[in-house]
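Student: Have a look at this one.
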Amino acid sequence: MSIKNEFIPVYQPQLSGRERQYVGQCFDSSWISSKGEFVTRFEREFAAYLNIRHATTVSNGTVALHLALKTLGIGPDDEVIVPTLTYIASVNAIAYVGATPVFVDSEESSWNIDPGKITAKISQKTKAILAVHLYGAPCDMDSISDVCREHNLFLIEDAAEAFGTKYRGQYAGSFGDISTFSFFGNKTITTGEGGMVVSNRQALIERAVYLKSQAVSLTREYWHDEIGFNFRMTNICAAIGVAQLEHADKILPKKRELADWYRADLAGTSLVFQADSQDAMNSYWMVSILAKDAIERDHIRQHLKNNNIETRPLFYPAHTMPAFKTEDTYPVAESLSSRGLNLPSYPGLTREQVAQITSKIIEVI
């Protein structure tokens with residue numbers, strides 16, 4: 001009788017710091033809702049970590065994107081350029097404000113939006129470029145920033161998957177007019193559910209804080225000057241975030257080490273990793289690979305599943321989704337999506353577990 005291997009999930013959070021202690025302090029103080037010391041502390045310490053001036057917490061990464069777009073005044077009749085290969089939240093948020101997503105294909109190497117294909121998609125209605133740092137790999141921020149300056153467009157960074165990522169020594173999320181992060185349970189640092197909106201422009205963050213808190217008047221109690229939202233983070237979630245941030249500098253090197261182990265074990269195979277370069281530091285939210293085709297990808301996934309190892313496919317391109325379907329083709333994004341998979345990428349993985357995973361992959365390629 002064979003014994004099935006211990007289950008290896010694709011991700012699980014690293015809760016090895018003061019998370020429990022800080023949450024306990026919330027209960028002891030009775031500050032469990034959207035006010036409390038940990039909310040302001042998380043905002044201040046997160047901004048300091050990124051070397052950015054201002055940050056405001058929100059309830060999740062999707063509303064962070066929604067709030068960023070509303071803060072910039074983007075709405076009906078506006079267009080926002082976005083990669084088609086992204087998690088659907090990037091595109092949904094554009095629709096939430098009544099704007100139109102305009103899709104751009106990916107680069108073969110980074111899998112991110114191809115800067116060389118952006119200009120052709122700019123129209124008189126274009127208001128912003130939403131650059132998504134996919135799976136922890138940074139976009140070509142020099143090229144994208146140049147396009148934004150040349151055409152007077154807002155630059156929004158979706159850094160939901162890119163906490164700790166750097167481009168030319170600067171953190172992802174610190175380039176845009178406004179940028180967003182997610183702290184869902186599978187992110188590099190987590191608050192369970194949560195997000196952050198950051199900017200170097202004080203007026204933008206002040207506007208975001210106002211809108212996320214029901215647009216309540218600053219001078220008149222229970223008076224709301226316009227339609228606002230309840231997008232606030234709880235003090236409990238922020239307490240977890242503060243604790244996570246305290247050991248972020250241990251989590252991030254471990255995730256890069258995981259990527260190095262996978263690369264070493266799979267060297268010499270036909271599998272392709274997301275490109276890394278001297279200009280970029282991928283934080284490897286997910287260690288992702290490309291098979292030669294969809295059939296091989298599916299064989300790898302099924303074989304790993306049979307051995308109790310969880311994986312995920314790459315995102316489907318947004319232009320193939322029913323709500324955003326177009327007749328246009330985006331060959332690079334479509335190819336990447338059909339061939340790619342995410343491997344177990346959580347910081348607690350051991351060298352032995354990675355060797356087990358890669359040996360199973362090699363068995364079927």
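Each value in this text was obtained by applying a stated rule to the coordinates, not by laboratory testing. Because the structure is a prediction, the values reported are computed rather than measured. Every residue, glycine among them, receives a Cβ derived from its backbone with ideal geometry; neighbour counts consider all protein chains shown.
Student: Which ³J(HN,Hα) values in Hz, rounded to whole numbers, follow from the phi angles of segment 23-38 under the Karplus curve 6.51 cos²θ - 1.76 cosθ + 1.60, where θ = phi - 60° and Gly and Pro get x?
Tutor: Each residue of segment 23-38 in turn: 5, x, 5, 4, 5, 4, 8, 6, 8, 10, 9, 8, 10, x, 5, 6 Hz.
Student: Using θ = phi - 60° and the Karplus curve 6.51 cos²θ - 1.76 cosθ + 1.60, what whole-Hz ³J(HN,Hα) does each residue of segment 284-301 get, with Gly and Pro shown as x?
Tutor: Per-residue couplings from phi come out as 6, 3, 10, 8, 10, 10, 10, 7, 6, 7, 5, 5, 5, 4, 5, 5, 4, 4 Hz.
Student: Right, another one. To the nearest 500 deg cm²/dmol, what mean residue ellipticity at 222 nm is calculated for the chain from DSSP H runs of n ≥ 4 alone, each contributing -39,500 (n - 2.57), summed and divided by the residues?
Tutor: Values: 11 runs with 133 residues, N = 365.
So the helix-based figure for the chain works out to -11500 deg cm²/dmol.
Student: Another question, then. Obtain the nm distance between the two label points defined at Lys250 and Phe7 by a simple spin-label model: each point lies 7 Å from its Cα along the Cα-to-C-beta direction.
Tutor: Result for the modelled spin labels: 2.6 nm.
Student: Pulled fully out, how much extra length does the chain show between Ile365 and Trp223, if you take 0.36 nm times their separation in residues and subtract their Cα-Cα distance?
Tutor: That works out to 44.8 nm of additional length.
Student: With the calculation restricted to Cα positions, what are the radius of gyration and Dmax of segment 1-57 in angstrom?
Tutor: Computed over the Cα atoms of segment 1-57, radius of gyration and Dmax are 18.0, 60 Å.
Student: Do any of Lys127/Lys187; Lys117/Lys255; Lys187/Lys254; Lys35/Lys212; Lys166/Lys250 go past 22 Å between their Cα atoms, and which?
Tutor: Beyond 22 Å between Cα atoms: Lys127/Lys187; Lys117/Lys255.
Student: Contact order normalised by length for the chain, with contacts defined as Cα pairs under 8 Å and 6 or more residues apart; what percent is it?
Tutor: 23
Student: Distance in nm between label sites at Gln202 and Asn152, each 7 Å beyond Cα in the beta-carbon direction?
Tutor: Result: 2.6 nm between the two label points.
Student: Which of the listed residues, Ser359, Leu290, Phe7, is farthest toward the dipole's positive end in the chain, when Lys, Arg count +1 and Asp, Glu count -1 at the beta-carbon?
Tutor: Result: Phe7.
Student: Using θ = phi - 60° and the Karplus form 6.51 cos²θ - 1.76 cosθ + 1.60, what ³J(HN,Hα) does each residue of segment 306-318 get, whole Hz, x for Gly and Pro?
Tutor: Listing the rounded values in order: 4, 9, 6, 10, 8, 9, 9, x, 4, 4, 6, x, 5 Hz.
Student: Further, regarding this structure: Order these by the 10 Å Cβ neighbour count, fewest first: His224, His54, His299, His66.
Tutor: Exposure proxy ranking, most exposed first: His224, His299, His54, His66.
Student: So, one more: Pull up all non-local amide H partners of Ile178: gap of 5 or more, or a different chain, and H-to-H distance under 5 Å with H placed in the peptide plane.
Tutor: For Ile178, whose amide H was placed from the backbone, the distant partners under 5 Å are Leu155, Glu157.
Student: While we're on this one: Please work out the ratio of the alpha-carbon Rg of the chain to 2.2 N^0.38 Å and round it to two decimals. Before the final figure, lay out the partial values.
Tutor: Working: Rg = 20.8 Å, N = 365, 2.2 N^0.38 = 20.7 Å.
Compactness ratio reported: 1.00.
Student: Could you tell me the relative contact order of segment 153-264? Use alpha-carbon pairs under 8 Å, at least six residues apart, and round to a whole percent.
Tutor: Reported as a whole number, the value is 19 percent.
Student: Give me the Debye-computed log₁₀ of I(q)/I(0) at q = 0.19, 0.20, 0.29 Å⁻¹ for segment 230-292, equal point scatterers on Cα only, no solvent, two decimals.
Tutor: The computed values of log10 I(q)/I(0) come out as -0.81, -0.85, -1.25.
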